[in-house]
Amino acid sequence: MTVTRFAPSPTGYLHVGNLRTALMNWLIARAAGGEFILRLDDTDPERSKPEFADAIKQDLEWLGLEWDRVETQSARLDRYADAADKLRAAGRFYEAFETPTELDLKRKKQMNMGKPPVYDRAALALSEEERAALRAERNGHWRFKLDHERIEWTDGILGDISIDASSVSDPVLIRGDGQVLYTIASVVDDTDMGITNVVRGSDHVTNTATQIQIMAALGHSAPAFAHHSLLTGPQGEALSKRLGTLALRDLREAGVEPLALLSHMARLGSSDPFEMRMSHAELIAGFDISRFGAAPTKFDREDLGPLTAKYLSTLSLEDVAEDVAAAGVPEALRERFWGAVRENIQTRADIAPWWTFFAKGATPLVDEEDRDFIVQAFSILPEGPWDETTWKSWTDAVKEASGRKGRGLFMPLRKAVTGRERGPEMADVMALLQVRPSI
């Protein structure tokens with residue numbers, strides 16, 4: 001069975017970069033009829049917060065990316081300890097004592113000598129007496145000893161990957177304060193939970209190489225990996241500088257529709273043209289991870305506004321029944337109302353203001369040179385109630401009385417009645433208008 005996972009840290013709110021990873025893993029699992037696990041990487045007790053864990057679930061629920069079960073890494077510390085013991089017994093786990101400052105000095109020295117900044121394994125040369133003396137001064141951290149060979153796999157997006165393990169520092173798996181780090185926790189979880197496919201950002205490629213060796217050292221084979229490109233801003237700038245404005249909770253608050261966002265993200269960076277998907281089933285059916293490329297992918301929040309408007313314009317009254325009812329539209333007028341405004345709203349928040357206009361009217365927008373014309377036109381407007389024929393019969397009468405025609409006739413009347421230059425068909429406006437316009 002295909003099993004995927006999304007493993008965010010509950011140390012902040014989800015943003016569009018996180019969504020890309022979550023969506024791809026969700027689509028792979030659902031397309032195969034498999035299992036999708038939400039796994040909270042909460043091994044950092046200081047930064048992990050329950051409110052962020054709750055927010056992650058709320059964001060995924062809003063998007064309809066439902067999970068089959070939730071796992072928390074903080075509840076699995078005993079499994080990570082078992083794995084650490086197994087690596088120690090195999091001679092693949094060693095204790096090191098350098099401070100961050102000492103490591104930084106080593107890196108700078110290596111770079112000044114034109115060498116790659118790779119950990120020199122000085123800790124392996126320590127005698128037991130030296131280790132004991134250092135333990136008395138500071139807590140040691142634990143590194144995995146890489147086999148210096150090439151690590152190779154066929155990536156689902158990047159193709160064939162080959163990394164020389166000697167060019168990579170032995171990764172720290174347990175910090176000096178005892179905190180278990182992502183690299184080993186993820187390996188243990190992926191193997192214990194039977195993860196078959198892992199999709200994550202291309203910034204994890206080197207990390208994947210080390211994890212493949214750790215899995216092998218623990219007696220497990222690796223899942224199928226795919227590394228998607230990282231998102232940038234519309235000008236190619238680092239998106240990390242703008243993530244504060246790209247949190248999913250903020251997009252939700254701004255009225256972005258879930259399927260508009262998901263449709264966009266399910267195609268962004270692929271060779272497929274954008275297609276609005278009207279259901280999660282359509283998203284699943286149209287997804288093919290092999291269609292995605294390795295180049296950095298531009299994301300522009302401004303694209304989401306038109307996509308949301310386009311999505312809303314396709315909805316039936318049944319789809320927005322609660323919003324229309326909440327706006328106060330009488331039941332007998334709801335079908336006509338939604339048909340009139342559906343292509344003139346940017347978000348659901350625009351529904352109520354449109355009914356306020358129909359129910360109470362608008363402040364006329366009248367250019368000074370059109371004022372006498374509008375006074376004359378409003379004097380010709382018959383008494384209500386009006387219907388879909390009112391606009392034509394009224395404008396015909398105004399045309400005959402004033403001699404105006406075309407845009408010079410219709411635009412000033414639209415602006416005076418609706419208070420805006422654009423909007424629904426005026427035949428529908430007049431049929432819905434509950435108050436007589438006046439200047």
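Quick note: the coordinates plus some simple rules give every number you see, no bench work behind them. Owing to the predicted nature of the structure, the values given are computational and were not obtained by experimental measurement. Methodologically, a virtual Cβ is constructed for each residue, glycine included, from the backbone with ideal geometry; neighbour enumeration extends over all protein chains shown.
Observations on the model:
- Diffusion coefficient (Stokes-Einstein, Kirkwood radius over C-alpha pairs, 10 °C, 1.306 mPa s) for the chain: 60 µm²/s, rounded to a whole number.
- With N the number of residues in the range 120-199, Rg(Cα) / (2.2 N^0.38 Å) evaluates to 1.41.
- In the range 263-317, GluC sites (Glu not before Pro) in a DSSP loop with at most 15 other beta-carbon atoms within 10 Å: Glu275
- Set of the range 354-390 residues, backbone N closer than 11 Å to the point 7 Å along the Cα-Cβ line of Arg407: none
- FRET efficiency for the Ala295 to Glu335 pair, using the beta carbon distance and R₀ = 56 Å, is estimated at 0.75.
- Charge sum, other residues only, whose C-beta stays under 14 Å from Met113's C-beta, Lys/Arg counted +1 and Asp/Glu -1: +4
- Computed over the chain, the per-residue total of -39500 (n - 2.57) for DSSP H runs of n ≥ 4 gives a 222 nm mean residue ellipticity of -12500 deg cm²/dmol, rounded to 500.
- Rounded if a/c under 1.5, otherwise prolate or oblate - the range 298-429, Cα gyration tensor axes: prolate
- Reported to the nearest whole Å, the Cα centre-to-centre distance from the range 1-71 to the range 308-366 is 34.
- The chain - share of DSSP beta bridges that are antiparallel (%, nearest 5): 50
- With the simple spin-label model, which puts each label point 7 Å out from Cα in the Cβ direction, the Glu421 to Asp319 separation comes to 2.9 nm.
- Hz values of 3J(HN,Hα) by residue in the range 427-439 - Karplus curve (6.51, -1.76, 1.60), Gly and Pro given as x: 4, 6, 4, 5, 5, 9, 5, 9, 10, 6, x, 8, 10
- Residues Phe52, Phe337 in ascending order of nearby Cβ atoms (within 10 Å, fewest first): Phe52, Phe337.
- Reducing the range 207-281 and the range 390-439 to their Cα centroids gives an inter-centroid distance of 48 Å.
- Were the residues from Val366 through Lys86 laid out at 0.36 nm apart, the gain over their Cα-Cα distance would be 92.7 nm.
- For the range 361-439: rounded, prolate or oblate by the Cα gyration tensor [a/c cutoff 1.5]: rounded
- Whether the range 68-228 is rounded, prolate or oblate, judged on the alpha carbon gyration tensor where a/c under 1.5 counts as rounded: oblate
- Loop-located GluC sites (Glu not before Pro) across the range 131-219 with a Cβ neighbour count of 15 or fewer within 10 Å are Glu149, with loop assigned by DSSP.
- Angle between the chain longest axis and helix 182-192 axis [Cα atoms, degrees, rounded to 10]: 90
- Residues whose placed amide H lies under 5 Å from that of Asp155, excluding near-sequence neighbours: Asp160, Ile161
- Highest-MSF residue in the chain out of Glu322, Glu369, Glu98 [GNM, Cα springs under 10 Å]: Glu369
- Placed amide H near Val3: partners under 5 Å, 5+ positions off or other chain: Glu35, Thr196, Asn197
- Relative contact order for the chain: 13 percent, from Cα pairs under 8 Å spaced at least 6 residues apart, divided by residue count.
- Note, ³J(HN,Hα) from phi for the range 83-94, Karplus 6.51, -1.76, 1.60, rounded to Hz, x at Gly and Pro: 5, 4, 4, 5, 5, 4, 4, 8, x, 10, 9, 9
- Label-point separation in nm, Gln179 to Ala326, each point 7 Å along Cα→Cβ: 4.0
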